[in-house]
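Have a look at the structure below before the remarks.
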Amino acid sequence: MTSFSIIICFYNAGGKLIPTLEHIKHLDISNITTCELILVNNNSNDDSCVIIQEEMKEFSVFPWKIVDEPNPGLSNARLKGIAESQFEYMLFCDDDNWLASDYIQNAISILEPNKTIAVLGGYGEAVSDIELPKWFARIKNYYAVGEQFPTNGKVHGVRNVVYGAGMIVRRTAWEYIVSNGFTFFTLGRTGRNLSSGEDSELCLAFQIAEFDIWYDNSLQFKHFIESKRLTNSYLKQLQNGMSSSGYVTRFYRNYLFGYKPHVTKYFWLKEF
């Protein structure tokens, strides 16, 4: 069956959920078997759940529900969303992503003929309530927006991953790597802690299991970036969080690119 589970993980997102949900409600799902929306409350203490209930109370095109994940961290929230969902394609939409109406339709045309694809990523466009700073264009990929690769198709090269915003994961591929021992070592963002890397870790694990990661710019969404996230201090925190996660993901990349360490009694001492 061509079926989608849309998973939105949120933490204190009351101020930005309404347009995100409006775009979800306008998705074209005419050519899929069925769809569902799972909203994962990752320990919020604001009115996010009330806003969702009010915004979705008359929506009945496909089923939706709110579930709680008290353990902080985006990885924990996504795992909860996966556990609560049931369909083959899992679309991870961040709480500030505005998906284009044809997002799912374009994804189907890529995923269905290519069964080796485990993850499909799209193209995010930055929008904000203020003018974007001049420095933003240089580092926009830190904010999960912009062109991820120069061409569509299977990703290659040193980076060889797609960002988690808007990514679609094939459930059978996920179940395969989990059954073979995969677990997240990166926790993801937890409140004000901007550590990241869970999306890269997942993509790299899939590649070790010989699945493909694809990017296609026909899958488009707008990424709303609050003005408080467009400061030099926030950018520094963001860069530090990504750097710290690189300690984990480099082991995956080393393995993929054929690096074999000479492990002596001093190896792990040096690593620590």
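The values are calculated or read from the model by the stated rules, or taken from the named source; none is laboratory data. None of these values were measured; they are calculated from a predicted model. Don't worry about glycine lacking a Cβ; one is built from the backbone with ideal geometry, like all the others, and counts go over all protein chains shown. In case anyone asks, the SASA skips ligands and DNA or RNA and just uses the protein heavy atoms, side chains included. Shrake-Rupley method; radii C 1.70, N 1.55, O 1.52, S 1.80 Å.
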Legend entry - Verdict on Leu202 being open to solvent by less than 50 Å² (accessible area, probe 1.4 Å), assigned to a helix (DSSP H, G or I) and at pLDDT 90 or above: yes
Inset, instruction - Kindly establish whether Ser48 is among the hydroxyl-bearing types (Ser, Thr, Tyr) and modelled with pLDDT of 95 or more. - result: yes
Legend entry - Residue tally, condition of a type in the set (A, V, I, L, M) and either surrounded by 10 or more Cβ atoms within 10 Å (Cβ to Cβ) or outside any loop (DSSP other than H, G, I, E, B) (or both), over segment 256-272: 2
Inset, instruction - Go through segment 21-47 and count every residue that is acidic (Asp, Glu) and part of a helix (DSSP H, G or I). - result: 1
Inset, instruction - Might you check whether a residue that is open to solvent by 90 Å² or more (accessible area, probe 1.4 Å) and outside any helix (DSSP H, G or I) occurs anywhere in segment 228-243? - result: no
Legend entry - Matching residues in segment 48-69 - criterion: being outside any loop (DSSP other than H, G, I, E, B) and farther than 27 Å from Asp199 by Cα: Val50, Ile51, Gln53, Glu54, Glu55, Met56
Legend entry - Candidate set: segment 76-129, residues that are among the acidic types (Asp, Glu) and either free of Cβ contacts under 8 Å to residues at least 12 places away in the same chain or within 20 Å of Ile18 (Cα to Cα) (or both); chosen: the one surrounded by the fewest Cβ atoms within 10 Å (Cβ to Cβ): Asp129
Legend entry - Residue identified as crowded, with 17+ Cβ neighbours inside 10 Å and more than 19 Å from Glu88 (Cβ to Cβ) among Ser5, Ser48: Ser48
